[in-house]
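Presented below is the structure to which this report refers.
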Amino acid sequence: MDKKQKELARSFFSRHAQEYAQSISHAGGRDLKRLLELLEPRSSERALDVATGPGHTALALAPFVREVIGIDLTPEMAIPFSQAARERGLRNVRFLVGDAESLPFPEGEFHLVTTRRAAHHFPRIARALAEMARVLKPGGRLGIADMVAPGNPAAAQLFNALEAARDNSHVQAYTVEEWQGLIQEVGLSLLHLEAFEKEVTWPEWLYPLDPKGWEAKRVEEVLAQASPGIRPLVVQEGPGDRILIKRRMVLVALKG
């Protein structure tokens, strides 16, 4: 199952590498700004960005640290990553192909490890987090930004079902409470965790998918089966308009 899920992720993101490189939401956004603020990167530090994709987080970190390595399961992401680095004149960044659950680095290699908008794709989240903690130096910081599921269990189930219908490489969005437990389980100390809601228009959420494609039809099937009492907790609907209530989280944890 793990291998199949990773293949689904590699397939999805290889098809859409350029679209994610051009995504305004992924290139910026409140979660990226807060992640950088909370991490307080320093010019002497080395950083690793896990599941870097086209490198939005890695490239944002680069001006503030000595070196950034971006690692991703999808080889096709190397092209937009390298192109963006050249365009920005960043010479302290590089891309590697690799798996979040088996990072090809020795213990205690990095001062900073980040992963943004990617953890919900990891088949074994505890394994991935343990790997990120392993490659951190003592005193190093782990920074994570990702979608989070609603606290209501039925709403969380619907939210995850919609995300999986849109992109079948989606594994699970966790609640804030689950994230607190996951960080504790890998032996890190939680320094900061904040969550916020954002209303995302339906076309924005579906991007880069065809709004009339098979994935969008699969989403409609999931939504049609949702309980009328739970559906408004995840999706707001008006005349000719539909909005997904997207919850995001930013956390920073310390390796003692």
note = Here the gain from full extension of residue 210 to residue 137, 0.36 nm per residue of separation minus their alpha-carbon distance, amounts to 22.0 nm
message = Quick check: with the 1.4 Å probe, what order do 65, 171 take by accessible area, largest first?
response = 171, 65
ask   = To the nearest 10 degrees, how steep is helix 125-135 against the longest Cα principal axis of the chain, on a 0 to 90 scale?
value = 20 degrees
Restraint check, 3/217; 137/246; 33/212; 6/33; 6/246, Cα-Cα greater than 31 Å = 137/246; 33/212
ask   = Given Cα pairs under 8 Å that are at least 6 residues apart, what percent is the relative contact order of the chain?
value = 20 percent
query = For 3, 198, what's the largest-to-smallest order of accessible area, 1.4 Å probe?
reply = 3, 198
key: For segment 102-136 and segment 165-209, distance of Cα centres in Å   = 16 Å
query = Hey, what do the phi angles of segment 196-201 turn into as Karplus ³J(HN,Hα) couplings, whole Hz, using 6.51/-1.76/1.60 and θ = phi - 60°, x for Gly and Pro?
reply = 8, 9, 9, 7, 10, 5
request  = Provide the per residue accessible area, probe 1.4 Å, for the chain, rounded to a whole number of square angstrom.
outcome  = 45 Å²
inquiry  = Restricting to DSSP loop positions (anything but H, G, I, E, B) with no more than 11 other Cβ atoms inside 10 Å of their own Cβ, which trypsin sites (Lys or Arg not before Pro) remain in segment 51-159?
reply    = 91
request  = Sort out for me the Cα centre separation of segment 1-62 from segment 217-252, rounded to whole Å.
outcome  = 25 Å
ask   = At a probe radius of 1.4 Å, what is the per-residue accessible area of residue 189, in Å² to the nearest 10?
value = 60 Å²
remark   = A 1.4 Å probe over the protein heavy atoms gives the chain a carbon and sulfur accessible-area percentage of 53 percent
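The values are calculated or read from the model by the stated rules, or taken from the named source; none is laboratory data. Note that this is a predicted model, so its numbers are computed, not measured. Don't worry about glycine lacking a Cβ; one is built from the backbone with ideal geometry, like all the others, and counts go over all protein chains shown. Just the protein is used for accessible areas: all its heavy atoms, side chains included, with ligands, DNA and RNA removed. Shrake-Rupley method; radii C 1.70, N 1.55, O 1.52, S 1.80 Å.
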